Amino acid sequence: MANLPQIQVTMTIKQVFISPRHHLLVDKGRFPDVTLSWFSPEYWHGKNAVTGQAKGRGTTLFVREGEHDLVLRHYKRGGLPGKILSDQYVFAGLENTRPVKEFRLLHAMVQKGLNVPQPVAVHVERRGLIYRGDLITSLIPQSSDLHAMLCREPLSAPLWHAIGKAVGKMQSANVFHRDLNARNIMIDKQHTIWIIDFDHCEFRANGPWKQRNVERFLRSLKKEKAKAATFHWNSDDWSAFLGGLRGE
């Protein structure tokens with residue numbers, strides 16, 4: 001695949017020291033007025049600025065600040081650890097926290113011209129050896145996730161090709177996505193493809209992980225088709241996806 005064009009997006013990232021307990025990283029160039037309150041759901045509810053929410057491991061809030069639609073996500077564990085520790089993680093330095101690592105990764109990906117949410121601010125609350133964290137990103141406007149779309153209607157071959165191209169572009173940038181599935185691929189009204197949810201993701205050197213990521217995506221599609229009453233996906237769609245992935 002061709003090398004990615006380097007697109008410079010102006011982002012002025014500054015660390016804001018609130019106290020030994022609270023740390024913020026903020027895109028001060030676009031959002032100079034971010035405060036600790038922005039990471040509190042009660043703050044947005046009090047302003048009547050909550051436009052929606054999504055349930056996952058926790059509740060993700062969609063909020064409106066001025067002309068900006070934003071997404072507020074609190075980090076929570078999944079599986080058995082989540083039942084015990086919920087939203088607590090071991091602190092091993094600010095730059096090693098999951099929220100800050102995702103914030104930094106998103107920032108780098110935006111600079112490379114990848115279609116991912118723009119990071120707005122991150123909050124890490126430390127108590128001794130334990131921390132909790134939150135991330136605010138820009139909302140992808142007028143978009144729907146791939147899973148929801150496939151439950152409604154089939155997609156065209158050119159759109160599947162575009163999805164493959166977007167995944168290929170991400171892999172050309174050597175970005176490892178830990179959980180590539182139909183719910184983490186977004187399509188907007190202009191049929192632009194976006195990829196979301198980069199918790200626990202990272203840059204990696206070339207290797208077999210790229211093929212394993214694609215195989216994981218295929219397994220997720222097969223799983224959804226097996227359990228859903230209606231899921232518009234077939235082998236021709238996968239062929240179109242692979243064509244886009246390979247740049248054919």
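Fewest first, what order do 61, 129 take by the number of other Cβ atoms within 10 Å? Write out the running numbers ahead of the final one.
Working: 61 20, 129 10.
Fewest to most other Cβ atoms nearby, the residues stand as 129, 61.
Estimate the FRET efficiency between residue 142 and residue 199 by the formula 1/(1 + (r/R0)^6), using the beta-carbon distance for r and 25 Å for R0, to the nearest 0.05.
Values: r = 24 Å, r/R0 = 0.97.
Once rounded, the FRET efficiency stands at 0.55.
Given a Förster distance of 41 Å, report the FRET efficiency between residue 76 and residue 232 from their Cβ-Cβ distance, rounded to the nearest 0.05.
After rounding to 0.05, the efficiency reads 0.85.
Just going by the charge dipole of the chain, with Lys and Arg at +1 and Asp and Glu at -1 on Cβ, which of 163, 50, 103 is farthest out on the positive end?
Of 163, 50, 103, it is 103.
Please report, in debye to the nearest 20, how large the charge dipole of segment 13-138 is about its Cα centre when each Lys and Arg carries +1 at its beta carbon and each Asp and Glu carries -1 there.
Details: 19 positive and 11 negative charges, 93 e Å.
Approximately 440 debye in magnitude.
Quick check: the angle from helix 98-111's long axis to the longest principal axis of the chain, C-alpha only, nearest 10 degrees?
Roughly 60 degrees, rounded to the nearest 10.
Could you state the angle between the C-alpha long axis of helix 157-172 and the longest principal axis of the C-alpha atoms of the chain, as a value from 0 to 90 degrees rounded to the nearest 10?
Tilt of helix 157-172: around 50 degrees.
State the answer as a single residue: which of 211, 142, 35 lies farthest towards the positive end of the charge dipole of the chain, with beta carbon charges of +1 for Lys and Arg and -1 for Asp and Glu, about the Cα centre.
Positive-end residue among those listed: 211.
Count the lysine pairs in segment 17-157 that are 8 or more places apart or on different chains: how many have C-alpha atoms under 22 angstrom apart?
On the way: 28/47; 28/101; 28/112; 47/55; 55/76; 55/83; 76/101; 101/112.
For segment 17-157, qualifying lysine pairs total 8.
What is segment 155-239's relative contact order, in percent, from Cα pairs under 8 angstrom and six or more apart in sequence?
Details: 70 pairs, mean separation 29.6, N = 85.
Answer for segment 155-239 is 35 percent.
For the chain, take the longest principal axis of its alpha carbons; what is the angle in degrees between that and the long axis of helix 235-245, to the nearest 10 within 0 to 90?
Once rounded, the angle reads 60 degrees.
Order by neighbour count: 43, 89, 75, fewest other Cβ atoms within 10 Å first, most last.
On the way: 43 16, 89 19, 75 23.
Fewest-to-most Cβ neighbours within 10 Å comes out as 43, 89, 75.
Work out the length of the dipole vector of the chain about its Cα centre, built from +1 on the beta-carbon of each Lys and Arg and -1 on the beta-carbon of each Asp and Glu, and round it to the nearest 20 debye. Don't skip to the end; give the middle numbers.
Details: 35 positive and 23 negative charges, 149 e Å.
Around 720 debye, computed over the chain.
Every number in this text was worked out from the coordinates using simple rules, so none of it is lab data. In this text the structure is predicted, and so the values were computed from the model without any measurement. Neighbour counts run over all protein chains shown; Cβ positions are idealised from the backbone, glycine included.
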